[in-house]
Amino acid sequence: MSDTFKAILISRDEDKKQSVDVVDMTDADLMEGNVTVAVDATTVNYKDGLAISGRSPVVRRWPMIPGIDFAGTVLSSDDPAWHKGDAVVLNGWGVGETHYGAYAGHARVSGEWLVPLPDGLNAMDAMAVGTAGYTAMLCIMALERHGISPDRGPVLVTGAAGGVGSVAVSILSKLGYHVVASTGRTSEEAYLRGLGAAEVIDRSELSEPGRPMGKERWAAAVDAVGSHTLANALAMTAYGGAVAACGLAQGLDLPGSVAPFILRGVSLLGVDSVMAPKELRLEAWSRISEDLDAAKLAALSRTIGFDDIVGAATDIVDGNIRGRVVVGM
Ligand code: NDP
């Protein structure tokens, strides 16, 4: 009989009322997969907050163990690519949405979904980065593929004090960009400058309905916010520039015009981390280990325990988490 471990389980009753419980499980309770992993560390992303709070339909199979990412150690594997003792990282692939996720002592997944723990990072570091930070790197890689470089001009980061934003500010500044950080928490100006922001602006400059085009203020942007903020970011992007869009913290809508696209040749680059192909994941994690300072990663993250996950999930959707939260298991 295998060991018992704790798991967070979200369930729904006949009236679709959601409940969140901590339960005991064994490996026999896990879903199908060819690799079983001991979860060493996980994290609380915005999507985990939506899943646990029930504020958006993230969970699509009931009941569900939430948690979209983890770093762990392989316990057993029927996949020739992985062996007992291997250190691995998982981001997305529907884990925590349609497949039992990270908020449990063990996870059973497809070996195809795993990447090796990157050189120079331990499990806690990898989850301090987490899906939010890996997505920030995917956004920066998308801008680079578009030809953006530090000599082209400033880069805007929206939702800058959040998880995607904090990692994006840190990496962009290390790469030599002039970073304009947009935040609703101007009390976090010193924090953002510490991560490398050259300018900190109040998000109210971007979050209200704006004009189809404005003054050209930045060469590019990393946007985790959507809605009017994304429309205004596009409207103020310089000729030939690009905006990498990955989030919806303000809203799913995009209430703008085509003017920046057809009059300034601005490009909107969509970024998805969940189904991103393996080569892109490997490149992103390798770049993270090179281009994210350990001291900045420490400054932008804090550690909580398993019992604090549900509270942190509510805090993140209320916009009350600064940077990243790591969960030691
Ligand atoms: P966080 O909650 O850590 O950060 C979001 C930030 O957005 C907040 O900290 C806040 O920044 C800002 N914000 C929140 N509400 C509003 C609002 N109403 N108007 C304007 N700004 C607001 O979340 P994450 O960084 O983890 O995720 C950010 C977004 O990216 C989420 O929408 C998430 O779902 C998405 N995401 C998408 C992925 C993908 O694959 N495409 C992967 C990972 C995340 P501040 O306080 O500085 O203003």
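Laboratory data are not the source of any read-out in this text; all were calculated from the coordinates shown. The shown structure was predicted, so the numbers you read here are calculated from the model rather than taken from an experiment. Because the Cβ atoms are built from the backbone with ideal geometry, glycine has one as well, and the counts that use them run over all protein chains shown.
For region 299-325, taking the residues that are without any contact (Cβ under 8 Å) to a residue 60 or more places away in the chain and over 15 Å from Y103 (Cβ atoms), the one that is farthest from the ligand (Cβ to nearest atom) is identified as R302.
For region 169-185, taking the residues that are more than 10 Å from the ligand (Cβ to nearest atom) and part of a loop (DSSP other than H, G, I, E, B), the one that is surrounded by the fewest Cβ atoms within 10 Å (Cβ to Cβ) is identified as G176. Only one entry of G159, G147 meets the criterion of being assigned to a loop (DSSP other than H, G, I, E, B), in contact with a Gly (Cβ under 7 Å, 6 or more places away or on another chain), under 27 Å from T229 (Cα atoms) and not acidic (D, E), and that entry is G159. In region 257-276, what residues are part of a loop (DSSP other than H, G, I, E, B), loosely packed, with under 15 Cβ neighbours inside 10 Å, of a type outside the set (G, A, S) and away from the ligand (no atom under 13 Å from the Cβ)? Listed by number, the list holds a single entry, V258. In the condition set (1) more than 12 Å from the ligand (Cβ to nearest atom); (2) loosely packed, with under 14 Cβ neighbours inside 10 Å, M236 is compliant with all but (2). So, of the residues in region 88-100 that are in contact with a Phe, Trp or Tyr (Cβ under 8 Å, 6 or more places away or on another chain) and more than 14 Å from K278 (Cβ to Cβ), which turns out to be farthest from the ligand (Cβ to nearest atom)? Among them, the one singled out is H99. The residues of region 277-291 that are surrounded by 14 or more Cβ atoms within 10 Å (Cβ to Cβ) and within 15 Å of the ligand (Cβ to nearest atom), listed by number, are L280, R281, A284, W285, I288.
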